[in-house]
Amino acid sequence: MHDFLWFNLYVALNAGLLTLLACNVSRHRMREHVPNGDGGKTVLKRAIRAHGNGVEHVTIFGLLVLALTATTLPSSTLGFLVLSFSFGRLAHAWGMLGPQFNARRIGAGLTFLLELVAVALLLVYGVL
């Protein structure tokens, strides 16, 4: 029986983040009176993009974490991936929603790096 602790934590942390980002989009829609699209409002464009970017990356990394859970990858390595990726997504969202461009840059870099590392680990532990 595989231990799904890290996968479950990954889902909880990142589903929570995506829900907060979706609520932020709704909040800006109500405030700006924009039922569809972005209405040309910069703050709404940023909120929509932050949520969309999160959905793009959280989904694929979640599949990688699930697949890695079924391998012999050490639990500590999986934990490092989950916590680091979650931190990176939080930093990216913070940087997209505010003036902290370096947080966005760090979050994006961490996201891409960890996705590639997870793919490589899956090839080593799950395929080869």
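Net charge of the neighbourhood of Ile48, taken over other residues with C-beta under 11 Å away and scored Lys/Arg +1, Asp/Glu -1, is +4.
Evaluated at q = 0.17, 0.23 Å⁻¹, the base-10 log of the normalised Debye intensity for the chain, with identical point scatterers placed on the Cα atoms, takes the values -0.84, -1.26. Taking every protein chain into account, the accessible area of the chain amounts to 57 square angstrom per residue (probe 1.4 Å). Of the accessible area of the chain, computed with a 1.4 Å probe over protein heavy atoms only, carbon and sulfur atoms account for 70 percent.
Evaluated over the Cα positions of region 1-67, the convex hull gives a direction-averaged projected area, one quarter of its surface, of 4.7 nm².
The values are calculated or read from the model by the stated rules, or taken from the named source; none is laboratory data. Computed from a predicted model, the values in this text were never measured in an experiment. Every residue, glycine as well, gets a Cβ built from its backbone with ideal geometry; the counts of neighbours run over all protein chains shown. Just so you know, the surface numbers come from the protein's heavy atoms only, side chains and all, with ligands and any DNA or RNA stripped out. Shrake-Rupley method; radii C 1.70, N 1.55, O 1.52, S 1.80 Å.
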